[in-house]
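**Student:** Quick one: the structure is below, questions incoming.
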Amino acid sequence: MKKYENLKKVELHCHLDGSLDPVRVSKWTRKNVSEIIDKLRLQRQGDLNDYLKMFEYPISLLHNRQRLKEAAEVLCRDLKKDSVIYAEIRMDPLSHTKKDLNVKDVVEAVLEGINNSTLKAKLILCMKREREEAENKMVIDVAKKYLKKGVAAIDLSGSEGDYPTRCFKNLFLYAKEQGVPFVIHAGEAGTSDDINCAISFGASRIGHGVKAITSFEVMEKLKKYDIPLEICLTSNVHTGLYPKYSDHPIMRLVDSGVKVTINTDNRTISNTTLTDEYNLLNKYFGFTITDFVEMNRYAVKHAFLSDKEKEELLKQLEK
Ligand SMILES: [Zn+2]
């Protein structure tokens, strides 16, 4: 058994399409598992845009209700096996509407899969930087409709370098008006300015946010407004942000007082689990079980849950 496998964990940043079970995909496609693994896993380190290309194949598979439902159910099962007690799973619903499904069909199928599992989990709907504003607004409208019915929030993903966060002010003003909470992928391939914008828009958490390390001012703001980063260590190495694990700024961020949570981003593309991430953090930075328990407490504190639900999860973390 791997170290930390039994430690109770919280996962706040995990994409459904990047976390498909190769065995289930092999059943869908009638291809052998090793061939599927070759197609689903990243083969070599590139930049964020190379990494984003890895989503084309899994997305091409998720075009009917049954598969979306199964994908969500199996992911919840796998997270539970990794001792995850609560997860916020994210997905880009519009990417699954190329054939017969509309956005609501997609969201309902995934929620059904989550509800069929025994894991406590909620859904975050991603807007994409590459899309028209009207399409992204549609995602906000759908999120609003399903808030408190399994959807927790919205997010913004996609090519940050090509579409800076500052261009999306109107979108997040609209989300605020509609009462839809949000997280934003920011300060990953972009700069600390993207994080600064995400903070000013009102993001509850920052997806990645590692570029905060380049700006004292941004780190101070994260601390002042108590906004945690969703750190995804392996993903940051795979997208070429850091050539080696030891180059990652997590330790310096933590030492500066910035709150971090630990996440996988894409379990299958990056061939990782939370247990693996904890082991890497232990190996390269010396983080211990005490640190991981603390980080999971932050994750619960900043999860999209009621106070009562948070209290219940905090009790479970202590066990
Ligand atoms: Zn992500």
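**Student:** Please build a GNM for the chain, connecting alpha carbons under 10 Å apart, and tell me which residue among 201, 287, 172 fluctuates the most.
**Tutor:** Top of the fluctuation ranking is 287.
**Student:** With runs of 4+ DSSP H residues as the only contributors, calculate the mean residue ellipticity of the chain at 222 nm using -39,500 (n - 2.57) per run, divided by the residue total and rounded to the nearest 500.
**Tutor:** It lands at -14000 deg cm²/dmol.
**Student:** Among the listed pairs 99/148; 148/310; 31/81, which are separated by more than 18 Å between their Cα atoms?
**Tutor:** Pairs exceeding 18 Å: 99/148; 31/81.
**Student:** Sticking with this one: Can you tell me how segment 162-319 classifies by the Cα gyration tensor, rounded, prolate or oblate, using a/c under 1.5 as the rounded cut?
**Tutor:** Verdict is oblate for segment 162-319.
**Student:** Could you please state, rounded to a whole Å, how far the C-alpha centre of segment 18-85 is from the C-alpha centre of segment 163-180?
**Tutor:** Result: 30 Å between the Cα centres.
**Student:** Expected output is a single nm value to one decimal: the length gained when fully extending between residue 41 and residue 118, i.e. 0.36 nm times separation in residues minus the C-alpha distance. What is it?
**Tutor:** Stretched out fully, the residue 41 to residue 118 stretch lengthens by 25.0 nm.
**Student:** On to the next question. Towards the positive end of the charge dipole of segment 52-193, with charges on Cβ (+1 Lys, Arg; -1 Asp, Glu), say which of 91, 136, 150 has the farthest Cα.
**Tutor:** About the Cα centre, the residue reaching furthest to the positive side is 150.
**Student:** Let me ask you something else. Pull out the extension gain between residue 246 and residue 50, defined as 0.36 nm times the separation in residues minus the alpha carbon to alpha carbon distance; nm, one decimal.
**Tutor:** Working: separation 196, 0.36 × 196 = 70.56 nm, distance 2.21 nm.
So the chain would gain 68.4 nm between residue 246 and residue 50.
**Student:** May I ask which residue of 170, 236, 296 lies farthest towards the positive end of the charge dipole of the chain, with charges of +1 (Lys, Arg) and -1 (Asp, Glu) on Cβ and the Cα centre as origin?
**Tutor:** Value computed over the given set: 296.
**Student:** Contour minus end-to-end for residue 312 and residue 167, with contour as 0.36 nm per residue of separation and end-to-end as the Cα-Cα distance?
**Tutor:** Length difference between fully extended and current span is 48.3 nm.
**Student:** About its Cα centre, how strong a charge dipole does segment 9-318 have in debye, to the nearest 20, once Lys and Arg get +1 and Asp and Glu get -1 at the Cβ?
**Tutor:** Rounded to the nearest 20 debye, it is 640 debye.
**Student:** Label segment 9-318 by shape, choosing from rounded, prolate and oblate, from the square roots a ≥ b ≥ c of the eigenvalues of the Cα gyration tensor; if a/c is under 1.5 it is rounded, and otherwise prolate applies when a/b is larger than b/c, oblate when it is not.
**Tutor:** Cα axes put segment 9-318 in the rounded bin.
**Student:** If r is the Cβ-Cβ distance from residue 284 to residue 159 and R0 is 22 Å, what FRET efficiency results, to the nearest 0.05?
**Tutor:** E between residue 284 and residue 159, to the nearest 0.05, is 0.20.
**Student:** Please calculate how many Å² of accessible area segment 9-318 carries per residue, with a 1.4 Å probe and no DNA, RNA or ligand atoms counted.
**Tutor:** 41
The values are calculated or read from the model by the stated rules, or taken from the named source; none is laboratory data. None of these values were measured; they are calculated from a predicted model. We place every Cβ from the backbone using ideal geometry, glycine too, and count neighbours over all the protein chains shown. Accessible surface is based on the protein model in full, side chains and every heavy atom, while ligands, DNA and RNA are left aside. Shrake-Rupley method; radii C 1.70, N 1.55, O 1.52, S 1.80 Å.
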